[in-house]
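K.L.:
This is the structure I want to talk about, given as structure tokens.
No lab work stands behind these numbers, since they all come straight from the coordinates. Note that the structure is a prediction, hence the values are computed from the model and not measured. Here the Cβ is made from the backbone with ideal geometry for all residues, glycine too, and neighbour counts use every protein chain on show.
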Amino acid sequence: MKRIIALSLAITTGAAMAYASENSAEPALDDAKAVQITQLLEGEGYDVQSIEAEDGGYEAYAMKDGTPWEIELASDLTITETEAQDDEDEDADHD
């Protein structure tokens, strides 16, 4: 009986996790979307280092004129925020 309950719980949990991941607010970051974001930011003068899906949109890390930048984009790829990253912030992370 315990095995049946454990198996039922495992199946239910797995199904709930699959449903949640399929229906989450996070946009997918597939290759085509990454290319769109890269082209958009390169057009603005950035050298894109990495991109990830985050908070219902995208977050890109890029360099521009020797300065590292964090760029947030909405799901429709409009730039919502840009923030220059200090070298001091990076040094503090490595301590």
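K.L.:
Wrap a convex hull around the Cα atoms of region 27-93, take a quarter of its surface area, and give that in square nanometres.
P.N.:
Its average projected convex-hull area is 4.5 nm².
K.L.:
With the crude spin-label approximation of a point 7 Å out along Cα→Cβ, what separation in nm comes out for ALA84 versus GLN36?
P.N.:
Between ALA84 and GLN36, the simple spin-label model gives 3.1 nm.
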